[in-house]
Amino acid sequence: MAPFVKRAASIFGARVTLVHVFDLYHHDAVQLYVRPLSEVAEEQQNIARDKLDSFLKTEFPLGESSRILLSGDAATEITQLARKNAFDLIIMPTHAGLFRRTLLGSTTAKVLNHADCPVLTTQHAETISPRQLEHREWVCAIGLDSDSQSVLRYASRAAESVHANLTLVHVIATSPPELRVGSDLEERLLAAKKEAASRRIEELQATAGSRALVHIATGSIKHELTEQARRLRADVLMIGRSPQSGTIGRLRDLSYAIARDAPCPVLSV
């Protein structure tokens, strides 16, 4: 993951902070029987600190990249730290297995739900690194509601800052082909929806100062977004989150599925 993070930081001229959260109270029961809890906890903290300070020293020298050690629930500590320090971006190194299958319930899912700043998740495992980050092609999923304007403005400015081509993708959800009636009325309604979407996106772009290419598709939202990202060999697929975390959370099931199955890193704004 280190080359990916270094490349992203160099493109945006950003500083990197390495954060590790460990469980201060996860100890061997035998150790707790023969030694005081405070002594065992201090030892665990010292071990975690030594590991963090020696981790990726060549890629992120101690004098250039700060390292923060925290204890507690990983997602809670990460989101609180990002809020307190006004971080611009959280990059979550995800793993094969649970994340790729469900994502729900994982530390990454919790951070996506509760972080105020954008979160970049990547498709990789311990033996599979993300491909070289070039920032030539960005894809942004765009809706038609009021929240879409802020997502579009962020996408437009970010893509412009790295001189990337930006393509906006809006998907009109339709039934699977085998369930469609195929009547003239249905085709006319779909054409009207496309025209209305085109006008609305034109208004959003004018307000946001964006001149991105627009692709309006019909079908499965997840399939069309991931396929467009795959076709363009996108460096980043951007999706919007709810501005309010609330009880339900910032992300919905569809957003989880996109973050899980996209062929490129997903930036959740």
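Values quoted throughout were computed directly from the atomic coordinates according to the rules given, and no laboratory measurement underlies them. It should be emphasised that the depicted structure is a prediction, and the values quoted were computed from it without experimental measurement. Here the Cβ positions follow ideal geometry from the backbone for every residue, glycine too, while neighbour counts run over all protein chains shown.
Things worth noting here:
- Spin-label model, THR174 to LEU56: label points 7 Å out along the Cα-to-beta-carbon direction sit 4.4 nm apart.
- Links that overshoot a 29 Å alpha carbon limit, given the list LYS51/LYS222; LYS51/LYS110; LYS6/LYS110; LYS110/LYS222: LYS51/LYS222
- Close amide-amide hydrogen proximity is noted between PHE22 and LEU70, SER71, GLY72, each under 5 Å apart and 5 or more residues distant or on a separate chain (H modeled in the peptide plane; Pro and chain starts excluded).
- Neighbourhood charge, 11 Å Cβ-Cβ cut-off, centred on ALA74 and excluding it, Lys, Arg +1 and Asp, Glu -1: -2
- Sequence-ordered 3J(HN,Hα) estimates for region 109-117 from the Karplus curve with 6.51, -1.76 and 1.60 and θ = phi - 60° stand at 4, 5, 5, 4, 6, 10, 6, 7, 8 Hz, glycine and proline given as x.
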